[in-house]
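Only one structure is covered here, and it is reproduced in the block below.
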Amino acid sequence: MNYNKKTVRDVEVAGKKVLLRCDFNVPQDKETGEITSDKRIVAALPTIRYLLDNGAAVIACSHLGKPVATFESYVKKQVEKGKDASSVKKEDWEKSLKKLTLAPVAKRLSELLGQEVIFASDVVGEDAQAKAAALQPGQILLLENTRFEKGETKNDPELAKAMASMADLYVSDAFGAVHRAHASTAGVAAYLPAVSGFLIQKELEFLGGAIANPKRPLVAILGGSKVSSKIGVINNLLEIADTIIIGGGMAYTFSAAMGGKVGNSLLEADWMDYSKDMIEKAKTKGVKLLLPVDTVCADAFAPDANSQVVKAGEIPDGWEGLDIGPETVALYCEAVADAGTVIWNGPMGVFEFPAFAKGTEAVAEALSKTSAITIIGGGDSAAAVEQLGYADKMTHISTGGGASLEFLEGKELPGVACLLDAE
């Protein structure tokens, strides 16, 4: 895939209406609907400000959560949950939609921008069309949740066409959604010239650079719970990395594959042969594959469980591994010390429990001290780095968990592939 895409700086935006796809899928308080973190809204500001300052009229759009777009689908879902179809009320469906309106986002965005954000009560309906038609340069309109349209997730060309008809240019800046071919992330590019915003430009620069032309040695740290969710990533990284470090729950499948005892640890027995193959493949390709040499195990999955450090592959029956051990910490920290580029995706242990966060914390600290380019691949590793206070020491923290994973797998991202290539 070509990562060299045109950006907002490569096109004339003055006097144009710009359809801007943002990632405003923000966390909210379940009871009050209050936005609990505005990070994603803040991340969109540089592109929005650039467009407004350069004389564009901005029509922003985003999804929020997973609303059920039609009443029929809502009834079906409730029946699947064991409810009687006749007892499902239309008001309940309408209430579920109201919880996922982008109105609170419009309010927060206007506070951050210091100007009014006009809000449309629909996506391509009368309100959106009228407000988009009346929009002047320097003004911003936010459309309602794109997933209120049933054609959004199906990449319906009619919906894409209707959205595109309101604008002259499409700017994609929602990296967290580019791995999905939806009407607002990829479909609209069939009807409008499409370029990237600054957020996507930065992601392509760092993630694309790390894959296509890394500063070596390239060290990849992979954690998280399952081998199965990282197969594509491991496969792809075996082609380009110098060292691959395995931590988290997935390490126990590797350990069991090598004949180790893993007690009650997380284990994907179906993936043991695959893990063996990966160990062999790494040898053949001359890639250093580092696995834990010791582990912190506990007698229960609880923050206050009794714990002990044992050698990898020697976890007693009834105990489960919840973190990498001190010898492994030393080994992994040494491996990143002289790296040129480090990509990290997935924690080393159950970092939500302070007693089992030491491995993750040590790796984060080691990355903060290295002179390497450090790229954190979204999701749990991004949350861990922020929670532990090392975020400002990293070169780049990806804004898209799923998108960055697919990027590392070498998959084509539909929301990036549809953008115009740079000269």
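Read-outs throughout are calculated quantities, based only on the coordinates presented, and are distinct from any laboratory measurement. Since the structure is predicted, the reported quantities are computational estimates derived from the model, not experimental observations. Glycine also receives a Cβ, built like all others from the backbone with ideal geometry; neighbour counts cover every protein chain displayed.
Less than 12 Å Cβ to Cβ from Ala128, Lys/Arg counted +1 and Asp/Glu -1: what total charge do the surrounding residues give? Provide the component values of the computation, followed by the final result.
Details: positive: Lys131; negative: Asp122, Glu126, Asp127, Glu144, Glu149.
Cβ neighbours under 12 Å give a net charge of -4.
Please arrange Ser255, Ser110 by counting, for each residue, the other beta carbons lying within 10 Å of its beta carbon, fewest first.
Values: Ser255 25, Ser110 16.
With the sparsest Cβ surroundings first, the list reads Ser110, Ser255.
Counting only DSSP beta bridges with both residues in region 208-408, tell me the antiparallel percent, nearest 5.
On the way: 9 of 29 bridges.
Antiparallel: roughly 30 percent of the beta bridges in region 208-408.
Build a GNM of the chain with springs between Cα atoms under 10 Å apart, and of Gly379, Gly402, Gly318 the one that fluctuates most is Gly318.
Springs join every pair of Cα atoms under 10 Å in this Gaussian network model of the chain, and among Ala383, Ala194, Ala133 the largest mean-square fluctuation is at Ala133.
A simple spin-label model places the labels of Lys98 and Arg49 3.6 nm from each other, with each point 7 Å out along Cα-to-Cβ. As I understand it, the value is the acute angle between the Cα axis of helix 231-240 and the longest principal axis of the Cα atoms of the chain; what does it come to in degrees, rounded to 10? Here the helix axis deviates by roughly 80 degrees.
Using the Cα gyration tensor of region 208-408, with a ≥ b ≥ c the square roots of its eigenvalues, what is the shape: rounded (a/c below 1.5), prolate (a/b larger than b/c) or oblate (neither)?
Numbers: a/c = 1.73, a/b = 1.25, b/c = 1.38.
The shape class here is oblate.
Taking every DSSP bridge with both residues inside the chain, close to 20 percent are antiparallel. Largest GNM mean-square fluctuation among Lys358, Lys411, Lys83, using the chain with Cα springs under 10 Å: Lys83. Can you tell me how region 245-335 classifies by the Cα gyration tensor, rounded, prolate or oblate, using a/c under 1.5 as the rounded cut? Oblate shape, in that a/c is at least 1.5 and b/c is the bigger or equal ratio.
Taking 0.36 nm per residue of sequence separation and subtracting the Cα-Cα distance, how much length would be gained by fully extending the chain between Met258 and Val42, in nm to one decimal?
Here the segment from Met258 to Val42 would lengthen by 73.1 nm.
The distance from the alpha carbon centre of region 102-120 to that of region 334-376 is 37 Å, rounded to a whole number. Which value at 222 nm does the chain reach when only helices count, each DSSP H run of 4 or more adding -39,500 (n - 2.57), with the total divided by all residues and rounded to the nearest 500 deg cm²/dmol? Computed ellipticity for the chain at 222 nm equals -10000 deg cm²/dmol. In region 208-408, taking the dipole from charged Cβ atoms about the Cα centre, the farthest positive-side position among Gly349, Asn264, Ala337 is held by Ala337.
Would the chain count as rounded, prolate or oblate if I go by the C-alpha gyration tensor, calling it rounded below 1.5 in a/c and otherwise prolate when a/b exceeds b/c, oblate otherwise? Taking the square roots of the gyration eigenvalues as a ≥ b ≥ c, the chain is prolate. Note down the net charge around Thr47, summing +1 for each Lys or Arg and -1 for each Asp or Glu among other residues with Cβ under 13 Å from its Cβ. Result for the local shell: +1.
Taking 30 Å as the cut-off for C-alpha to C-alpha distance, list the pairs among Lys107/Lys202; Lys226/Lys288; Lys81/Lys358; Lys76/Lys98; Lys39/Lys89 that go past it.
Numbers: Lys107/Lys202 27 Å; Lys226/Lys288 21 Å; Lys81/Lys358 40 Å; Lys76/Lys98 19 Å; Lys39/Lys89 35 Å.
Lys81/Lys358; Lys39/Lys89, as the Cα separations exceed 30 Å there.
A dipole drawn for the chain from +1 and -1 charges on Cβ atoms has a positive end, and of Ser371, Ala167, Pro27 the residue lying farthest that way is Ala167.
Within the set of other residues whose C-beta is less than 12 Å from the C-beta of Asn235, count the net charge using Lys and Arg as +1 and Asp and Glu as -1. Intermediate results must be reported in sequence, preceding the final value.
Working: positive: Lys230, Lys281, Lys285, Lys411; negative: Glu239, Asp277, Glu409.
Counting the neighbours of Asn235, the net charge comes to +1.
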